[in-house]
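The values are calculated or read from the model by the stated rules, or taken from the named source; none is laboratory data. Treat the numbers as computed from the prediction; the structure is a model and nothing was measured. Cβ sites come from the backbone with ideal geometry, for glycine too, and all protein chains shown count toward neighbours.
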Amino acid sequence: MSLAFPQAPQDKKTLEEGAAFTPRFGTDGLVTAVVTDARDGMLLMVAHMNAEALALTLETGIAHYWSRSRKALWKKGETSGNIQSVVEMRTDCDQDAVWLKVAVRGHDATCHTGRRSCFYRTVGLVGGKGTLVDDGSNPRFDASEIYREST
């Protein structure tokens with residue numbers, strides 16, 4: 001597995017219109033990964049990838065990410081069984097973000113709370129203060145049983 005990606009071209013046209021995948025990692029060494037369900041387009045999660053996570057994802061077809069809080073590489077679903085198989089990967093115009101369309105195995109859940117999506121609350125935008133309202137989605141598995149350690 002090669003962790004080296006080609007350097008992003010200097011000229012904007014080649015970066016935005018060329019055929020080379022040259023991800024632009026931030027100063028923290030990460031690119032943002034937006035993850036949706038390949039079947040119905042539901043937004044499942046937003047995560048980050050370093051070069052190793054991105055290379056492993058491309059090599060295996062299984063989503064790998066970089067945990068900023070744990071400062072560690074992780075294969076999504078390794079503990080829970082909710083493996084994310086990548087159906088399609090896209091990048092944005094300046095290649096500093098990727099979009100993964102995935103098929104989730106296991107309980108068909110992505111969030112560590114046991115829910116299908118990490119986006120299970122809406123934010124009320126009234127009066128300048130945000131209030132959170134649960135959307136009513138129920139966990140698909142008991143997270144306390146799956147994750148014995150704090151997540």
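Tabulated values for the structure
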read-out	value
Test: residue in the stretch 77-84 that is under 20 Å from Thr36 (Cα atoms), in contact with a Ser or Thr (Cβ under 9 Å, 6 or more places away or on another chain) and assigned to a strand (DSSP E or B)	yes
Pair list, Cβ < 7 Å and 6+ apart or interchain, from the stretch 93-105 residues that are within 14 Å of Tyr65 (Cβ to Cβ) to residues that are of a type in the set (Gly, Ala, Ser)	Val98/Ala33; Leu100/Ala33; Leu100/Ala63; Val102/Ala38; Val102/Ala63; Val102/Ser85
Pair list, Cβ < 6 Å and 6+ apart or interchain, from the stretch 2-25 residues that are under 14 Å from Asp96 (Cα atoms) to residues that are aliphatic (A, V, I, L, M) and assigned to a helix (DSSP H, G or I)	Ala8/Leu15; Pro9/Leu15
Check on Gly29, more than 25 Å from Ser117 (Cα to Cα), at pLDDT 95 or above and part of a loop (DSSP other than H, G, I, E, B)	yes
Answer from Gly77, Gly124 - the residue that is touching a residue at least 24 places away in the same chain (Cβ under 8 Å) and over 21 Å from Pro23 (Cα atoms)	Gly77
Residues within the stretch 93-151 that are in a strand (DSSP E or B) and either within 16 Å of the chain's Cα centre (by Cα) or under 21 Å from Val31 (Cβ atoms) (or both), tallied	8
